Amino acid sequence: MSIQNSRLVQNVKVMMLRGEKGEKGDKGDPGDYIANQYTSLGSKPQINNITLEGNKSLASLGINYPALDSKPQINGVTLSGNKSFADLDFDINDYVQVVSHSAPVNQSISANSGIDKTTTLTSSLPTGFIPIGVVGAAFSGAYSSAISPFVFVHYLVRVTSADVYYIDYGVWNLSSGSVTLNNASFRVLCVKA
């Protein structure tokens with residue numbers, strides 16, 4: 001295959017296009033020129049048997065593009081021009097909500113150690129919504145307010161095959177001694193299913 005391709009390339013006259021009419025290339029025979037202007041093409045493209053020359057409208061090319069008789073609407077409001085959510089009677093809370101969810105922790109964490117926990121989220125979800133992520137978390141517990149006894153390591157929303165949603169989270173104690181965490185509070189972003 002490669003031998004045939006190389007022979008084909010050798011037999012093709014290579015022309016360089018320059019200037020109005022083009023100039024012959026290194027491999028061209030004397031007097032061989034290639035026209036490079038659209039107007040001098042022998043076979044110009046066509047649409048509906050109409051040659052594409054000059055300015056053409058859709059109608060002159062035989063293309064019938066009807067105006068939309070019925071424009072799209074949202075809540076009975078025609079979508080034309082600039083519209084705000086208020087103009088469309090569109091309440092974002094019908095589609096996106098942030099819900100609060102609390103979970104008992106009730107666990108002591110010694111210095112330089114952590115815990116991983118899971119809490120079931122399904123019961124706190126609004127009807128017809130699914131969680132897509134946690135947008136904030138806080139913990140309450142017994143520790144000195146002068147220190148930051150732990151860092152929040154991770155949290156994620158997980159769903160099982162039975163459409164039950166969980167928040168998996170981890171907490172790490174950076175202080176000396178132990179801290180006791182009573183509750184975890186999460187703010188969960190949910191969207192309409």
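Only the coordinates and a few stated rules stand behind these numbers; no lab work does. It should be emphasised that the depicted structure is a prediction, and the values quoted were computed from it without experimental measurement.
For segment 93-192, what number results from the quotient of the Cα radius of gyration and 2.2 N^0.38 Å? The partial results should precede the final answer.
Working: Rg = 14.7 Å, N = 100, 2.2 N^0.38 = 12.7 Å.
Computed over Cα atoms of segment 93-192, the ratio equals 1.16.
For segment 93-192, what's the relative contact order in percent, using C-alpha pairs closer than 8 Å and at least 6 residues apart? Before the final figure, lay out each step's value.
Numbers: 229 pairs, mean separation 50.3, N = 100.
After rounding, I find 50 percent.
Around SER113, which amide H atoms from residues at least 5 apart in sequence, or from another chain, sit under 5 Å from its own amide H, with H modelled in the peptide plane?
ASN173
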